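A quick write-up on the structure given underneath.
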């Protein structure tokens, strides 16, 4: 049997169970998330859609759309390129955030971001008023096989962060080559970013 799917199946929406729709609307709006829709139909049905900045996936909550217990959704991941900056922005917006912590697979968490800022290793958490919990995770490079060869960015912030990482790496590249200015730096940047997103080794 062929285990490789041939049709795209893109995760579009995650349903969040809440007890007070208007309170949840204020909370997610205060996060800076985009309100895409608020459709009521009588007293028995209402659906709201919010989308986090840069995310291809949205959330739904409302009345009459799920029988799940409010607060029962736990550990939804929000991937960010800079964990400390993302946490600081949410704190400024009034969110009760955990401190940044890091951990390896199967090991207990430790205080602060990962010392080498290893990708996939630094986190912070928060919950909505019902207790549905969210986990910020810093990802700066994808593991091999996680993404295909297409390089895409869902926000200008992510692209800018990738360019900054490429600039730092290119500075080291120029040092290794005697400090000579590399006139082909745009090609090097592009190769670096594509390889980083696909989980390959960076260019020499």
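No lab work stands behind these numbers, since they all come straight from the coordinates. All of these numbers come straight from a predicted model, not from anything done at the bench. Cβ placement follows ideal geometry from the backbone for every residue including glycine, while neighbour counts extend to all protein chains displayed.
For the pair residue 84 and residue 57, the difference between a 0.36 nm per residue extended length and the Cα-Cα distance amounts to 7.4 nm.
Pairs of C-alpha atoms in the chain farther apart than 25 Å represent 50 percent of all such pairs.
Shape analysis of segment 1-122 places it in the oblate category; the axes a ≥ b ≥ c from the Cα gyration tensor give an a/c of at least 1.5, with a/b not above b/c.
On a 0 to 90° scale, report how tilted helix 156-176 is relative to the longest principal axis of the chain, with both axes built from alpha carbons and the result rounded to the nearest 10. Here the helix axis deviates by roughly 20 degrees.
Taking 45 Å as R0, compute the FRET efficiency from the Cβ-Cβ separation of residue 45 and residue 200 and round it to 0.05. Efficiency, from the Cβ-Cβ distance: 0.40. FRET efficiency for the pair residue 12 and residue 160, taken as 1/(1 + (r/R0)^6) with r the Cβ-Cβ distance and R0 = 22 Å, rounds to 0.25.
What is the fewest-to-most order of 34, 175 by other Cβ atoms lying within 10 Å of their Cβ?
Numbers: 34 13, 175 10.
Sorted ascending by nearby Cβ count, the order is 175, 34.
In units of the compact-protein estimate 2.2 N^0.38 Å, segment 156-198 shows a Cα radius of gyration of 1.15. For the pair residue 133 and residue 169 in one chain, pulling the backbone fully straight at 0.36 nm per residue adds 9.4 nm over the alpha carbon distance.
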